[in-house]
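The values are calculated or read from the model by the stated rules, or taken from the named source; none is laboratory data. Model, not experiment: these values are computed from the prediction. Every residue, glycine among them, receives a Cβ derived from its backbone with ideal geometry; neighbour counts consider all protein chains shown.
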Amino acid sequence: MLRALPLRLLRLKCIVNIALVLLILSACGGGERGGNHAASYASVAINTAVSSGLNSSGPSSVSNSGASNPSSVSTGTAADRVVLSGVVTYDYVPHHSNHIGLDYSAIEQRPVRGAVVELLNELGQIQASTLTANNGSYSFSIQKNTLIKVRAKAQLLNNSSPSWDFKVTDNTAGNALYVLDGSLVSTGTGDSTRSLNAGSGWDGASYSGVRAAAPFAILDSIYSGVTRLIAAGNKRNLTPLELRWSTKNSTAVGDYTRGEIGTSFYNGFAIYILGDANRDTDEYDAHVLLHEWGHYLEERLFRSDSIGGDHSDGELLDLRVAMSEGFANAFSGMMTENPNYADASGAGQGAGFAFSIGRKNRSIKGFFSEGSIGSVIYNFYSSGINKTEKDFTSIFNLLTNTSYIESEALTSIFLFSQQARKLLPETAGVLMDLLEEQNIFGNDEYGSGESNSGGLGITLPVYKTVTANNSPVNICSSSDLGKRNKLGNSQFLKLNITQPGNYNIRLNKAAGAEMVSRPEFVIYQKGRILSTIQNGVVDNASTNLNLSNGIYILEVYDLSNRDTKNTDRNTICFNLRVAVNQ
């Protein structure tokens, strides 16, 4: 039977090779840095039953090499106990050798690593818990002649520091956690083995059975990322995260609880993952999964100032969006040690797309291109010039360095490269070559000296300068390259306050502009939003704000250029003034 074990969410920003099988299922964005996620189990309630269709067989002999020490669930003597062990695996479906579509002829069983395994008695009460080892093995010491079933959860859990708690849940079933149950069998009088395998559900032509492997495939991609972070030296706790997958998750846009998620994405609270067979599924697309997990890390461990939104390699993007998406692409390649980004879709999951993250020859190059940025970061990672080849440690240290996270400049390839030159000076030469190959020329975190405008002259300099002396600075917002998060929609200005006080900041449409404008601006300090001034009066926007000494970044735009439903292509110019209030 296929069932759901629901979770109660407190706050928020897809099984066995044993006689009688039971599978129980309990069940691309961003946000501000910081915050916590918490979840707890509700009292167990079994519902949503459907047929599992899983194959089963009797117990088999499996080596327990690499398992953690047996977890004792009895207070009796050693003579009263037996060892119950096994291996948890899932069916992994690779992509074809050309990276397009899934190759079901090459399915292999892979270990479920780092996942929670529990022993439950006949009342469903947890008697003991452990984690699978890297080879998928587990082991318990348990009292003889006890009715016990084994449950494997789609959950990575570590309670020691650095801690993590990653769960694969079903957003169409109350965000219930996916688990895999064996049958209730006596432990007998001798040591025994119970091994569990989550089948793919593929019958050679279609998904006719339960896609039990999917949650564990998702989990294993995240496990790969976790181990790489630990190897790079991460000591910080990772905030809990749900990865919400369902066979109902489709490209329709609407109600997430009905699976209408649009695409796989991270929304600052959870990662939603496509699972609609014959249209678009992502459970075996490790690059897609780790790309979204990279966005989670940007928010929770690194830093990103991206405003999100639709994007592609062929678009000229806001510098913050280009950095975030380019980094996430590179991150997926680094975590998988595979630069070939592959995303399967279509009938029988036989189509999709693929591209080389590290490709240098690109049609669009610049600080506004996610493809350029992905290429720079991945090739920097892969380089062995004056650093260890394919070692994530140096990039991890850069992204977690206080000077990166607390920089006055907004996140962009300029900030990344400036920090690399500062923290890894021995690699400056190779990094400079990679940047110039992608037509990126800015020489500091503000992109000073950048000469590549993307064909839109108003974008240079990347950061304009405004002083608090009431002198006007003329800036323009354009939608010539698209709306909302494209290059030219926003302009950035650097304001250096040398005297604390109350300041008036005002934005007025420049003289001579014929069209009505709807100006807005945002004030940042070290990437944190201090104030957002929304448009209330046509052609004007203003505020009074107490400012202390320091550098502030102002983002200016016309609201019509943020509106994707507005098809007009507008370029509207403004005068920005900053003055101290007397």
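Values as computed for the structure displayed
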| quantity | calculated |
| --- | --- |
| Matching residues, the range 214-248, being of a type in the set (D, E, K, R) and surrounded by fewer than 21 Cβ atoms within 10 Å (Cβ to Cβ) | Arg228, Lys235, Arg236, Lys248 |
| Complete set of residues in the range 267-285 that are closer than 14 Å to Ala214 by Cα, buried (at least 24 other Cβ atoms within 10 Å of the Cβ) and of a type in the set (A, V, I, L, M, F, W, C) | Ile273, Leu274 |
| Leading residue by the ranking (surrounded by the fewest Cβ atoms within 10 Å (Cβ to Cβ)) among those in the range 518-540 that are under 23 Å from Val321 (Cβ atoms) and small (Gly, Ala, Ser) | Ser531 |
| Listing of helices (runs of 4 or more DSSP H) fully contained in the range 362-461 that carry 1 or more residues being among the hydroxyl-bearing types (Ser, Thr, Tyr), within 22 Å of Leu481 (Cβ to Cβ) and within 23 Å of the chain's Cα centre (by Cα) | 370-382 |
| Evaluation of Asn134 against (1) assigned to a loop (DSSP other than H, G, I, E, B); (2) surrounded by 21 or more Cβ atoms within 10 Å (Cβ to Cβ); (3) among the polar types (S, T, N, Q) (one fails), failing number | (2) |
| Selection status of Gln491, closer than 21 Å to Thr467 by Cβ and not hydrophobic (A, V, I, L, M, F, W, C) | yes |
| Residue that is modelled with the lowest pLDDT [pool: residues in the range 291-308 that are touching a strand residue (DSSP E or B) at 6+ places or on another chain (Cβ under 9 Å), buried (at least 20 other Cβ atoms within 10 Å of the Cβ) and assigned to a loop (DSSP other than H, G, I, E, B)] | Gly308 |
| Residues of the range 147-185 satisfying the condition of being of a type in the set (S, T, N, Q) and either part of a strand (DSSP E or B) or not assigned by TED's automatic domain parsing to the domain that holds Leu119 (or both) | Gln155, Asn158, Thr169 |
| Residue list for the range 207-258, restricted to those being of a type in the set (Lys, Arg) and more than 18 Å from the chain's Cα centre (by Cα) | Arg211, Lys235, Lys248, Arg258 |
| Strands (runs of 3 or more DSSP E) contained in the range 503-582 and holding at least 2 residues within 30 Å of Thr402 (Cβ to Cβ) | 519-525, 528-533, 540-547, 550-558 |
| Filtered residue count, the range 254-287, keeping only those that are part of a strand (DSSP E or B) and among the polar types (S, T, N, Q) | 1 |
| Whichever residue in the range 546-581 is within 17 Å of Gly309 (Cβ to Cβ) and touching a Pro at 6+ places or on another chain (Cβ under 8 Å) and, among such residues, is surrounded by the fewest Cβ atoms within 10 Å (Cβ to Cβ) | Leu559 |
| Evaluation of Thr336 against (1) out of contact with any Pro (no Cβ under 8 Å at 6 or more places or on another chain); (2) more than 30 Å from Gly204 (Cα to Cα); (3) of a type in the set (Val, Ile, Thr) (one fails), failing number | (2) |
